[in-house]
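Participant: Attaching a single structure in structure tokens format; questions to follow.
The values are calculated or read from the model by the stated rules, or taken from the named source; none is laboratory data. On a predicted model such as this, the values are computed, not experimentally measured, just so you know. Reconstructed Cβ throughout: ideal geometry from the backbone, glycine too, with neighbour counts over all protein chains shown. These accessible areas exclude ligands, DNA and RNA; they are computed on the full protein's heavy atoms, side chains included. Shrake-Rupley method; radii C 1.70, N 1.55, O 1.52, S 1.80 Å.
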Amino acid sequence: MNPIKVASALIIVAAVFAALILGKSLLIPFVIAVLVWYIIVSLSHWIGEITLIKKHLPDWAETLLSALVIFGILLFVGGLVANNAQQMIGALPRYQVNVAGLIGRTESALNFNFTKTLDSLGITKGESFTRDVNFTGIISGIIGALSSIAGNAFLIGIYVVFIFLEQAVFRRKIKAIFPQEGKFQNFEEVLESINEAIRAYFSVKLTVSLITATASYILMALVGLDFAIFWAFLIFLLNFIPNIGSLIATIFPAVIALVQFDTFGPFFVVLIGVGAVQVVVGNFLEPRMMGSSLNISSLVVILALTLWGSLWGITGMILCVPITVIMMIIFAQFPATRPIAILLSEKGELMHELEEIHEKNEESEDD
């Protein structure tokens, strides 16, 4: 292996990681904007398939209608979540009092003093154990994380507008880069493969996350859990994080039930109920809907989750699977990186569409 090529590859990889870390404040809103743009375009295609609308509306009107629908939904949901978050901040002192009472009763029932034990271990400083349970800080941290995303809403909107402006001339630019018809057609097929894979992933994830959030909301509302809409929205978002997202989405509302009602009954109802919804949807419904269309190794998903989570936090965790799909599709098109795509795949076999595109690329290179 040529040492110069190895050194060049390492420098490129280091530069990419440095750009991802140093530029994440600008890149994360841009990636979210691309996601919003993609959802708008997909909805526009779906609306365009309706015969009545297709006859009377031009393409730009379908896109505008889709954008208005998506932004309307985002504004409505954002308003509900912001209202719930504001009310939650006011309820935090009451929750802290309930935590203190619950810990006190547990100490009496178990005849065990948490304060003295933790003080002997150096964890507390001789104060009440309940003061060290900073429940207010935990909830405020969650609300702060969501607020930071909402704070970039204007920048995300600007990005979406300019992405649509770029879309109008993008095909012309690609045509200029690949003047040969065969290579241009191959590039379009690669883009279509990426679109199909991402569309399959997000359509299934949006559906199952909405089902999970709705079922969980009904259960939490029946129990009388405070701010059920907020926790249902959080469950919807966390379901996009592979493997650990569903676990976190189950624990949060269960803990809220414990500190709100100051008793264990509602806690177990929410914990078992929301957990059962996650198990049924995640282990039975989602695999039937998703099938093997993504063809990604489970180990690769875990590694991607860890990598992108360390780079971009929660946003990286949500986007780790579609990013990995795009990488696998691109790697499959070139002989030098094709082994990497095979390693990323689930069973060492690439999707049939990728095999066909790869064969066409080899034929065009031979010509």
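Participant: Report the gain in length on full extension from residue 170 to residue 21: 0.36 nm times residue separation, minus Cα-Cα distance, nm rounded to one decimal.
Facilitator: Contour length minus Cα-Cα distance gives 50.9 nm.
Participant: Short version: ³J(HN,Hα) in whole Hz for each residue of the stretch 211-217, in order, from phi by Karplus 6.51 cos²θ - 1.76 cosθ + 1.60 (θ = phi - 60°), x for Gly and Pro, what are they?
Facilitator: Result, rounded to whole Hz: 4, 4, 5, 5, 4, 5, 4.
Participant: Alpha carbon centre of the stretch 26-66 versus the stretch 161-176: separation in Å?
Facilitator: Spelled out, the Cα-based centre of one part sits 15 Å from the other.
Participant: How do 234, 343, 64 stack up against each other in accessible area, from largest to smallest, with a 1.4 angstrom probe?
Facilitator: The ranking, largest first, comes out as 343, 64, 234.
Participant: So with the 1.4 Å probe, I'd like the accessible area per residue for the stretch 257-348, rounded to whole Å².
Facilitator: 49 Å²
Participant: Of 55/183; 5/183; 5/205; 173/347; 183/205; 24/173, which pairs sit farther than 31 Å apart, going by alpha carbon to alpha carbon?
Facilitator: Cα-Cα > 31 Å for 55/183; 5/205; 173/347; 183/205; rest within.
Participant: Separate question: HN-Hα J couplings of the stretch 34-51 from phi, Karplus 6.51/-1.76/1.60, θ = phi - 60°, integer Hz, Gly and Pro as x?
Facilitator: Once rounded to whole Hz, the list reads 4, 5, 4, 4, 5, 5, 5, 5, 5, 5, 4, 5, 5, 5, x, 7, 6, 4.
Participant: Let me ask something additional. Stretched out fully, how many nm does the piece from residue 191 to residue 251 gain, at 0.36 nm a residue minus the Cα gap?
Facilitator: The residue 191-residue 251 span can extend by a further 17.7 nm.
Participant: Can you give the accessible area of residue 250 in Å² (nearest 10), computed on protein heavy atoms with a 1.4 Å probe?
Facilitator: In the full protein context, residue 250 sits at about 10 Å².
Participant: Hey, another quick one. Show the residues, 5+ positions off or on another chain, whose built amide H is closer than 5 Å to the amide H of residue 296.
Facilitator: 346
Participant: If you put +1 on each Lys and Arg Cβ and -1 on each Asp and Glu Cβ, how big is the dipole of the stretch 181-238 around its Cα centre, in Debye rounded to 20?
Facilitator: It comes to approximately 260 debye.
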